[in-house]
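Asks: Handing you this structure, nothing more for now.
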Amino acid sequence: MMTVGEFMDAVQPALQEILSPEELAETTTRVTWSAVAPTGLGRRRPMSDDEPLLPDALLEVRTLGEHKGIWVDGAETAAEAYERVRSDLQDFVAESKFGWGQLRP
């Protein structure tokens with residue numbers, strides 16, 4: 001099982017590939033968890049880098065007034081986490097106000 005820090009290291013390249021430098025400069029990320037599911041974005045407990053990923057953990061991505069939650073699976077490998085987060089980020093950008101309709105490579 002990955003820790004939060006290992007997960008963030010695995011998915012950081014996906015953020016850098018999908019978001020433009022300007023978008024990335026305005027982006028904050030954190031992994032959060034709540035014992036009460038479902039709990040909305042922004043109302044969950046932030047997890048520290050040394051914590052193991054818990055079931056129902058969520059990667060919260062905020063950029064340019066948009067907020068996306070991506071479920072985290074601690075059983076994934078780093079490569080699987082990267083691919084899944086990258087795919088979810090592509091969808092997020094295509095559906096956002098700042099990147100509406102764009103399919104980024």
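Asks: Does residue 64 fit the bill of being in contact (Cβ under 8 Å) with a residue 12 or more places away in the chain, crowded, with 19+ Cβ neighbours inside 10 Å and in contact with a helix residue (DSSP H, G or I) (Cβ under 7 Å, 6 or more places away or on another chain)?
Replies: In short, no.
Asks: Here is a list: 71, 100. Which entry is under 19 Å from residue 7 (Cβ atoms), out of contact with any Phe, Trp or Tyr (no Cβ under 9 Å at 6 or more places or on another chain) and not small (Gly, Ala, Ser)?
Replies: On inspection, the qualifying residue turns out to be 71.
Asks: Here are the criteria: (1) closer than 18 Å to residue 3 by Cα; (2) in contact with a helix residue (DSSP H, G or I) (Cβ under 8 Å, 6 or more places away or on another chain). Tell me which single one residue 77 does not satisfy.
Replies: Single failed check for residue 77: (2).
Asks: Separate question: Determine whether residue 104 is surrounded by fewer than 18 Cβ atoms within 10 Å (Cβ to Cβ) and part of a loop (DSSP other than H, G, I, E, B).
Replies: Yes.
Asks: Determine, yes or no, whether residue 93 is of a type in the set (A, V, I, L, M, F, W, C), closer than 15 Å to residue 8 by Cβ and in contact with a helix residue (DSSP H, G or I) (Cβ under 9 Å, 6 or more places away or on another chain).
Replies: No, not satisfied.
Asks: Would you call residue 48 more than 28 Å from residue 103 (Cα to Cα), of a type in the set (Ser, Thr, Tyr) and in contact with a helix residue (DSSP H, G or I) (Cβ under 7 Å, 6 or more places away or on another chain)?
Replies: Answer is yes for this residue.
Asks: Any residue at all in region 29-45 that's at pLDDT 90 or above, assigned to a loop (DSSP other than H, G, I, E, B) and aliphatic (A, V, I, L, M)?
Replies: Within region 29-45, not a single residue is at pLDDT 90 or above, assigned to a loop (DSSP other than H, G, I, E, B) and aliphatic (A, V, I, L, M).
Asks: Also: Among residues belonging to region 7-28 that are crowded, with 17+ Cβ neighbours inside 10 Å and in a helix (DSSP H, G or I), point out the one that is farthest from the chain's Cα centre (by Cα).
Replies: Among those that are crowded, with 17+ Cβ neighbours inside 10 Å and in a helix (DSSP H, G or I), it is 23.
This table checks each residue for (1) touching a residue at least 24 places away in the same chain (Cβ under 8 Å); (2) outside any loop (DSSP other than H, G, I, E, B); (3) buried (at least 16 other Cβ atoms within 10 Å of the Cβ).
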residue: 50; (1), (2), (3): yes, no, no
residue: 56; (1), (2), (3): no, no, yes
residue: 70; (1), (2), (3): no, yes, yes
residue: 74; (1), (2), (3): yes, no, yes
residue: 81; (1), (2), (3): yes, yes, yes
residue: 84; (1), (2), (3): no, yes, yes
residue: 88; (1), (2), (3): no, yes, yes
residue: 91; (1), (2), (3): no, yes, no
residue: 94; (1), (2), (3): no, yes, no
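Asks: Let me ask you something else. Tell me, please, whether a residue that is more than 13 Å from residue 93 (Cβ to Cβ), among the hydroxyl-bearing types (Ser, Thr, Tyr), out of contact with any Asp or Glu (no Cβ under 7 Å at 6 or more places or on another chain) and at pLDDT 95 or above can be found in region 8-27.
Replies: No, there is no match, as no residue in region 8-27 is more than 13 Å from residue 93 (Cβ to Cβ), among the hydroxyl-bearing types (Ser, Thr, Tyr), out of contact with any Asp or Glu (no Cβ under 7 Å at 6 or more places or on another chain) and at pLDDT 95 or above.
The values are calculated or read from the model by the stated rules, or taken from the named source; none is laboratory data. Computed from a predicted model, the values in this text were never measured in an experiment. As a convention, Cβ positions derive from the backbone with ideal geometry for all residues, glycine included, and neighbour counts pool all protein chains shown.
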